[in-house]
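For reference, the structure discussed in these notes is given below.
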RNA sequence: GCCCCCGUAGCUCAGCUGGACAGAGCAGCGGACUUCUAAUCCGCCGGUCGCAGGUUCGACUCCUGCCGGGGGCGCCA
């Protein structure tokens, strides 16, 4: 399918180059309505002699009848004001009506004492201009500026292909990084390579066995890929070195097919060579959090909230997996990150307390270390569970998954719901190009919007510069819905970033797509029946909608074909 | 036994720092194409938000205890 890069579409840069110096009108600020309404409420409270609460809350009512913005100050401040919520709300409304804030056409008391604001449509028309001006950066902000964040994810062992079980973490981690960047954080992404230890030995032995035409050792790797790779392996190659390189190549390739790229693939073995592991142990000793007992070296993690102490060096002299992991995280902090986010699978959650303890033991703020646990994904095909088992060799690789349903579908599907909940994915459904598949619903919305430009070009119709177009004709409910949806992206992104919840962006994208389909259905742009001024305005709304849609999709790392 | 996640419509899931009569898609039923993509749109049907307490002016949302499902509790990674 023809894919487009959502972040770079020529048609999305409709700003006349002559205008590049700066927007002429008042610059739209995502928080502008808040910045208008909250102070207005505060002033009104003070005028009534009521001390305003620390934070005045302003929310978007779920129901249209409740206006565009709503505040619960009257409920919150009723006690302090010494009068019933509705009475206080009524007094606030009187004051606000006397001097209505910008764009406010009505203020009213509702329910138990809410103050509801109804706005004119001009503020939404400003949104269209703002989206067009922002282009692919619509929805971004700089609230997180200056914070350096490192997101570590996937980190699969270099002993085989990335399998379907890793896919959720891969897609989640990548999208989270995009979203954190969108709010201004400086984000790096890393893949930790466990290229040392027993697993690697077993892997090498398995490869060598297959190469020699023998069965892999007991507890060895039996996947079909071992046989395939063994056949590729030159006779003189060292199985461990060659095998690791082969695995990493495979992993990097398939992750790139998903548009998942890392700033660094951090090698565990490298830390042995640089002495980082020894240094870390010495550091821990110096801090007095290490005990020698039973011939082993222990981290006294119970001092930092863990339920038992943990072995760092086994009695046979080998280090456990824990010590290099600690060394890696020590290194992360040494590189100056303010926040470390690790994305782990559900099977590793028991490991969180010891890692957190180790970080605290090293003198770091444990709050600067966050672990997101992704719950398991159950794969089904036609209602039958598909087992992902490395042992049996019957494993579904990420590559299989991409081949079967496509990269965009893989990404959007995994980003459909919170990683906190276990997910069931029916492969037949995801592969199906049907209404049951949200991926196609969203991509269809984009394709339809783009078809307007295409058909217009065929008919020789011209879109006039936005500066010359009067958007005040956009009053159809379908048009308003699109604008309202576009307007909230910034807030959605902030929330998604704060809660580490990319699926909130997915939900938003689906909502916008729904609004777009409704608009497309009821508000013809190119029809001869549409008067020219309205056509121009709708056309620009379509441009803005496409821009917003692709901005959202860009945060999910999902592209959309130009036509379907 | 202890720890983590989940339990919302027949199914798959949303539900923002607690807010106004709980939302969407699919499935079911009934409508809408001489028009820029009907892969769409509209309407109807459908829920004691697992159960029981508590906090609050107000709880799907916070707290406690149960019940059910998944995952984890190694000198394995």
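A few points about this structure:
- Residue in segment A:326-336 that is outside any helix (DSSP H, G or I), more than 9 Å from RNA strand B (Cβ to nearest atom) and modelled with pLDDT of 95 or more present: yes
- Each residue in segment A:451-476 was checked for being more than 7 Å from RNA strand B (Cβ to nearest atom), under 30 Å from residue A:406 (Cβ atoms) and within 34 Å of the chain's Cα centre (by Cα), and 1 of them qualify.
- When segment A:405-444 is filtered for residues that are more than 10 Å from RNA strand B (Cβ to nearest atom) and in a loop (DSSP other than H, G, I, E, B), the ones remaining, listed by number, are A:406, A:415.
- Every residue from segment A:491-510 that is within 13 Å of residue A:444 (Cα to Cα) and more than 8 Å from RNA strand B (Cβ to nearest atom): A:509
- Only a single criterion out of (1) closer than 30 Å to residue A:343 by Cα; (2) surrounded by 15 or more Cβ atoms within 10 Å (Cβ to Cβ) is not satisfied by residue A:478, namely (1).
- Look at (1) at pLDDT 85 or above; (2) touching a strand residue (DSSP E or B) at 6+ places or on another chain (Cβ under 9 Å) and you find that residue A:428 fails only one, number (1).
- Taking the numbered list (1) surrounded by 15 or more Cβ atoms within 10 Å (Cβ to Cβ); (2) on the phi > 0 side of the Ramachandran plot; (3) over 19 Å from the mean Cα position of the chain (by Cα) in turn, residue A:111 passes all entries but (1).
- Restricting attention to segment A:271-288 and to residues that are out of contact with any strand residue (DSSP E or B) (no Cβ under 7 Å at 6 or more places or on another chain) and touching a residue at least 12 places away in the same chain (Cβ under 8 Å), the residue that is nearest to residue A:173 (Cα to Cα) turns out to be A:271.
- Within segment A:265-286, one or more residues are under 22 Å from residue A:350 (Cβ atoms) and within 11 Å of RNA strand B (Cβ to nearest atom).
- The residue list A:368, A:346 contains one member that is in contact (Cβ under 8 Å) with a residue 24 or more places away in the chain, more than 26 Å from residue A:273 (Cα to Cα) and near RNA strand B (Cβ under 9 Å from one of its atoms), which is A:346.
- If only residues of segment A:530-564 that are within 23 Å of residue A:140 (Cβ to Cβ) and outside any helix (DSSP H, G or I) are counted, the one that is nearest to RNA strand B (Cβ to nearest atom) is A:560.
- Residue check, residue A:480 under 35 Å from the mean Cα position of the chain (by Cα) and either modelled with pLDDT under 95 or away from RNA strand B (no atom under 11 Å from the Cβ) (or both): yes
- One residue from A:192, A:172 being buried (at least 24 other Cβ atoms within 10 Å of the Cβ) and within 14 Å of RNA strand B (Cβ to nearest atom): A:172
- Qualifying residue in segment A:521-529 (condition: in a helix (DSSP H, G or I) and near RNA strand B (Cβ under 10 Å from one of its atoms)): yes
- Residues located in segment A:136-151, provided they are farther than 12 Å from residue A:486 by Cα and crowded, with 17+ Cβ neighbours inside 10 Å: A:136, A:140, A:141, A:144, A:149, A:150, A:151
- Among the residues of this structure, residue A:514 does not count as one that is in a loop (DSSP other than H, G, I, E, B) and out of contact with any helix residue (DSSP H, G or I) (no Cβ under 7 Å at 6 or more places or on another chain).
The values are calculated or read from the model by the stated rules, or taken from the named source; none is laboratory data. Small disclaimer: the values here were computed from a predicted structure and weren't measured. Counting neighbours? That spans all protein chains shown, and the Cβs are built from the backbone with ideal geometry, glycine included.
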